[in-house]
Amino acid sequence: MYALFTLLAGACQSAMVSLNGMISNYLGMFGMSLAVHLIGGALLILYMKTFTHEKLKITGMPWYLYSAGFFGIFLVVTSSYCISILGVSFMTCISVTGQLVISAVIDHFGWFGVPQISFNRKRIPCFALILAGLIILNLS
């Protein structure tokens, strides 16, 4: 079930950045990001009020956890900007490559409270295959 949700999230991300790129033609890059985050926030609050009745709490966390908001904005702005130049497939391929590399680093060092999973040589062919796919996609 989690794998299916993750697959759907990836599909939504490609659709989202495509639409964001179109929105930025009307609102500009930062206007698009603000609009997308405001609409998403409003929808989330509506969902919480309607279905979960959970109170919104944004205090009491360590200060560095708020940087997730920066990463979200950075992701939306940069991917929406690059999609008009690179196209959806290539931008998504590069994005996934970046996610895999940093996730291997996070796992290896156990950052952010995740279980430490040391990088080993068995993963190198996987990363090489992904790099080969990125190169082939870029050349086609």
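Which of (1) modelled with pLDDT under 90; (2) loosely packed, with under 11 Cβ neighbours inside 10 Å; (3) of a type in the set (S, T, N, Q) is the odd one out, the single condition Asn25 does not satisfy?
(1)
Could you look through the stretch 73-102, keep only residues that are β-branched (Val, Ile, Thr) and farther than 25 Å from Ile136 by Cβ, and pick out the one that is most open to solvent (accessible area, probe 1.4 Å)?
Out of the qualifying residues, it is Ile73.
Scan the stretch 88-98 and give yes if some residue there is of a type in the set (Phe, Trp, Tyr), in contact (Cβ under 8 Å) with a residue 12 or more places away in the chain and closer than 30 Å to Asn20 by Cα, otherwise no.
There is at least one residue in the stretch 88-98 that is of a type in the set (Phe, Trp, Tyr), in contact (Cβ under 8 Å) with a residue 12 or more places away in the chain and closer than 30 Å to Asn20 by Cα.
Picking from Leu43, Leu19, which residue would you name as being over 30 Å from Trp111 (Cα atoms) and surrounded by 11 or more Cβ atoms within 10 Å (Cβ to Cβ)?
The match here is Leu19.
Identify the single condition in (1) modelled with pLDDT of 90 or more; (2) surrounded by 10 or more Cβ atoms within 10 Å (Cβ to Cβ) that Thr50 does not satisfy, given that it satisfies every other one.
Among (1) modelled with pLDDT of 90 or more; (2) surrounded by 10 or more Cβ atoms within 10 Å (Cβ to Cβ), the lone unmet condition for Thr50 is (2).
Looking only at the stretch 85-94, which residues are part of a helix (DSSP H, G or I) and either more than 14 Å from Leu131 (Cβ to Cβ) or touching a Gly at 6+ places or on another chain (Cβ under 9 Å) (or both)?
Those that are part of a helix (DSSP H, G or I) and either more than 14 Å from Leu131 (Cβ to Cβ) or touching a Gly at 6+ places or on another chain (Cβ under 9 Å) (or both): Ile85, Leu86, Val88, Ser89, Met91, Thr92, Cys93.
When you go through (1) surrounded by 10 or more Cβ atoms within 10 Å (Cβ to Cβ); (2) closer than 30 Å to Ile23 by Cβ one by one for Phe70, which number turns out not to apply?
Of everything listed in (1) surrounded by 10 or more Cβ atoms within 10 Å (Cβ to Cβ); (2) closer than 30 Å to Ile23 by Cβ, Phe70 misses just condition (1).
With (1) part of a helix (DSSP H, G or I); (2) free of Cβ contacts under 8 Å to residues at least 60 places away in the same chain; (3) not polar (S, T, N, Q) as the list, and Gly21 as the residue in question, which single condition is left unmet?
(2)
Residue by residue through the stretch 103-123, note down the ones that are under 25 Å from Ser89 (Cβ atoms) and open to solvent by 60 Å² or more (accessible area, probe 1.4 Å).
The one that is under 25 Å from Ser89 (Cβ atoms) and open to solvent by 60 Å² or more (accessible area, probe 1.4 Å): Arg123.
The values are calculated or read from the model by the stated rules, or taken from the named source; none is laboratory data. Worth saying up front: this structure is predicted, and the values here are computed from it rather than measured. As a convention, Cβ positions derive from the backbone with ideal geometry for all residues, glycine included, and neighbour counts pool all protein chains shown. Keep in mind that these areas ignore ligands, DNA and RNA; they rest on the heavy atoms of the full protein, side chains included. Shrake-Rupley method; radii C 1.70, N 1.55, O 1.52, S 1.80 Å.
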